[in-house]
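The values are calculated or read from the model by the stated rules, or taken from the named source; none is laboratory data. Keep in mind that what you see is a predicted model, and the values were worked out from it rather than measured. Every residue, glycine as well, gets a Cβ built from its backbone with ideal geometry; the counts of neighbours run over all protein chains shown. Note: accessible area is taken over every heavy atom of the protein model, side chains too, but ligands, DNA and RNA are not part of it. Shrake-Rupley method; radii C 1.70, N 1.55, O 1.52, S 1.80 Å.
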Amino acid sequence: MVRWFYPLLHAYPNLRVTIQEVAKVLPSARFNLRANWPDVRDRVSFQVHDFFKPNPIKGDDVVYMARWIVHNWADQKAKAILEALSSVMTPMSRILLVEMIARPGGTSDIMCLSGITWSGFDNHYYLFTYEDTRDMFAIPHDIAILEAVFKVPVEGESADAFAKRPLYNKENKFWKAKSVADLVGELEAGEEKDALVVKMNRVRALYGDLSDTYQKSKGSAGIPLA
């Protein structure tokens, strides 16, 4: 668990992390912290928590990270998880959803959109688009499902017009979705923008390597739609 936060703890000496989990996994997590990351052990704590209940940690400077959680639950359960967080958030606190590019079967992003909508969030941000998952990572299933299930052809619409029509409304009555790449692109030229572009490219390269691993092994793993 700690390995996901170690780069941040190393970069920001005032950062403190509380890892919340079920009781049975915390002993091994504490052991791993002592054995592998002793230099940050004073800034990492552990807490037993049920994520269906309101989070006990509150404050303007709190960032709640839900890593690889929402996609594992049906819509109503995903809504309950996110509502348990949003119910204790202040206007200044934030929630960070860390999810996979796409689940085997290509449905994780679609379920996340549903979970975000049901939870009542009015905005969210993304780095990779559906087109990125198709073109950069060779995972076309989200687009295929959205087009086959939700994108209803208009009578008389040409195939080209159908293909160019957006997959979903990024600004709608429930929320606004904003691209991180677009936000960076809107910044004035300078060191900050250059640094963020380097970080985005590094993340893209990491996901590209993960995609290569997935592509090499998916045929023998029994993954649906692979």
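Within region 13-56, restricting attention to residues that are among the aromatic types (Phe, Trp, Tyr) and over 17 Å from Ser93 (Cβ atoms), which residue is nearest to the chain's Cα centre (by Cα)?
Phe52
Identify the residue in region 208-226 that is at pLDDT 70 or above and open to solvent by 60 Å² or more (accessible area, probe 1.4 Å) and, among all such residues, is farthest from Leu127 (Cα to Cα).
Among those that are at pLDDT 70 or above and open to solvent by 60 Å² or more (accessible area, probe 1.4 Å), it is Lys216.
Working only within region 73-85, note down all residues that are open to solvent by 70 Å² or more (accessible area, probe 1.4 Å) and of a type in the set (Val, Ile, Thr).
Correct list: empty.
For Pro153, only one of the following conditions fails: (1) outside any helix (DSSP H, G or I); (2) under 30 Å from Met89 (Cα atoms). What is its number?
Against the list (1) outside any helix (DSSP H, G or I); (2) under 30 Å from Met89 (Cα atoms), Pro153 comes up short only on (2).
Is it true that Val88 is open to solvent by less than 80 Å² (accessible area, probe 1.4 Å) and touching a Pro at 6+ places or on another chain (Cβ under 6 Å)?
When the stated conditions are applied, Val88 passes them.
Could you grab me the full set of residues in region 115-155 that are aliphatic (A, V, I, L, M) and more than 14 Å from the chain's Cα centre (by Cα)?
Within region 115-155, Met136, Ala138, Ile139, Ile143, Ala144, Ile145, Leu146, Ala148, Val149, Val152, Val154 meet the criteria.
Output the residue which, of all residues in region 145-180 that are touching a residue at least 40 places away in the same chain (Cβ under 8 Å) and hydrophobic (A, V, I, L, M, F, W, C), is most open to solvent (accessible area, probe 1.4 Å).
Phe174
Does Arg30 satisfy the criteria of being without any contact (Cβ under 8 Å) to a residue 40 or more places away in the chain and open to solvent by 70 Å² or more (accessible area, probe 1.4 Å)?
Spelling it out, Arg30 is indeed without any contact (Cβ under 8 Å) to a residue 40 or more places away in the chain and open to solvent by 70 Å² or more (accessible area, probe 1.4 Å).
Just a yes or no: is a residue in region 181-202 open to solvent by 50 Å² or more (accessible area, probe 1.4 Å), touching a strand residue (DSSP E or B) at 6+ places or on another chain (Cβ under 8 Å), among the charged types (D, E, K, R) and not in a helix (DSSP H, G or I)?
no
Given the criterion in contact with a Cys (Cβ under 9 Å, 6 or more places away or on another chain) and either at pLDDT below 90 or surrounded by fewer than 17 Cβ atoms within 10 Å (Cβ to Cβ) (or both), identify the matching residue among Val98, Val70.
Unique residue meeting the criteria: Val70.
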